[in-house]
Amino acid sequence: MSSLKSSKPTKRALSSQKPTANRSPKGVTASRVAIIGAGHGGTALMEIFAEDPLVTVVGVAEIRPVTRGVRLAKKLGIPVRRRYQDLLKMKDVDLVIDVTGDPEVEQKLLDVQAPHLALVGGASAKFMWQLIEARIRASVEIENTLTRYQSLFRLYVKEEAEGAVDEERTRIACEIHDGLVQTLVGVNLKMERVRELVSEDPNKGLTMMNQTKAELKHAIQEAREVVYNLRPGQYDHLALIPALSNYLTSYEREHRIGTTFEGTGNESQLDPKAKVFVFRMVQEALSNVVKHAKATKVAVNVHLTKDLLEATVSDNGQGFDVEEESQNPEKWDHFGVRSMKERARMLGGDIRWVSKPRTGTIVEITVPLATKEKMGYAKKN
């Protein structure tokens, strides 16, 4: 692996990019990045950095006049230079990333005396843009899945439901962005340390490289979980009970919360809209268990009779005072209560919370089943 120079001040600047749950990007100085090479790797870096408010690409160097990266740079208003040496002379740059793979360029960068610059190249840079490409592909897959889900959703829901969809989409987009930025910053910092350890302590460097690889695997798994949450495979056949069963298997593996599931009855009378809505309500309830309950076990039960669907989500968590919490609209909405109530209402059903402090929580969902003689509620809503 190649080893390039890096200054300590730049490390501190980079470490300040790591977002926290309570900190706004406002007021944080963006890191200024220059990229050598506008080929495959340079394009991947520009695509992701363009969406990151904590990173500003201040210049790109590419000897070829026409490449996809050059076109993208011009579209984004990023200055393009033919000589990479011009980037090294810039005063308003903190980090230079070489993705050319050119040994001559790499060797010249090793000789650069620029204490204000952090330099990343060789295998480190290749690993970085490969990571970014993997996350871009995952994000595209998520976006495509979300689009398909919206198409299905709008087949059954009138305009009043679209607000809930927009809220969910915004929430998911924020989660993806925050996770992506944190992963990139963390991997970048570790790769800088690995570069230093190559000559100081190769064994320790290899250990840290393996840790970084594990972080990448975790990030990819996280993206896959989001995709699954957006569109369970059983949506193709609209089979509610198998979809919930498979979702709980994935949920238990991801969150390390013990799960039990029981589903009985014939769901043939449950129309596709009701199946999607019930799945989303159960999913939101399970999400609240992870975020707020501090539970170790959760049970989901779905029972269908001739005229009624009854579903419960119960956990052994810390519980809460339902009456007190319901008096605070902002906090109540934080639990996704509004969207869950809206879905239940549109099905002509009901949803309620049963809980007290230190006694766990039960979410009860009831939905009347339409018969051939009574199909009006779906049309009215």
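The values are calculated or read from the model by the stated rules, or taken from the named source; none is laboratory data. Since we're looking at a predicted model, the values are computed, not measured. Note: ideal-geometry Cβ built from the backbone for every residue, glycine included; neighbour counts use all protein chains shown.
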Checklist entry - So is Asp94 more than 30 Å from Gly205 (Cα to Cα) and touching a residue at least 12 places away in the same chain (Cβ under 8 Å) or not? => result no
Checklist entry - How about region 53-87: which of its residues are closer than 19 Å to Ser31 by Cα, under 27 Å from the mean Cα position of the chain (by Cα) and part of a helix (DSSP H, G or I)? => result Ala73, Leu76
Checklist entry - List pairs: first in region 250-274 and over 22 Å from Arg343 (Cβ atoms), second part of a loop (DSSP other than H, G, I, E, B) and among the β-branched types (Val, Ile, Thr), Cβ under 9 Å, 6+ apart or cross-chain? => result Arg256/Thr296; Ile257/Thr296; Gly258/Thr296
Next on the checklist: Please go through region 28-61 and give me each residue that is in contact with a Ser or Thr (Cβ under 7 Å, 6 or more places away or on another chain), within 19 Å of Gln130 (Cα to Cα) and surrounded by fewer than 18 Cβ atoms within 10 Å (Cβ to Cβ), ordered by number.
Outcome noted: Gly39
Item to check | Number of positions in region 88-100 that are closer than 13 Å to Gly42 by Cα and either in a loop (DSSP other than H, G, I, E, B) or not assigned by TED's automatic domain parsing to the domain that holds Gly39 (or both) | outcome: 2
Checklist outcome for this item: Of (1) polar (S, T, N, Q); (2) under 27 Å from the mean Cα position of the chain (by Cα); (3) at pLDDT 90 or above, Thr312 fails just (2)
Checklist entry - Of the residues Glu267, Glu168, Glu192, which single one is at pLDDT below 65, out of contact with any Pro (no Cβ under 9 Å at 6 or more places or on another chain) and crowded, with 16+ Cβ neighbours inside 10 Å? => result Glu168
Checklist entry - Exactly one of (1) among the basic types (Lys, Arg); (2) surrounded by 13 or more Cβ atoms within 10 Å (Cβ to Cβ); (3) in contact (Cβ under 8 Å) with a residue 24 or more places away in the chain is unmet by Arg64. Its number? => result (2)
Item to check | Residue count, region 255-270 (criterion: closer than 16 Å to Asp315 by Cβ and not aliphatic (A, V, I, L, M)) | outcome: 7
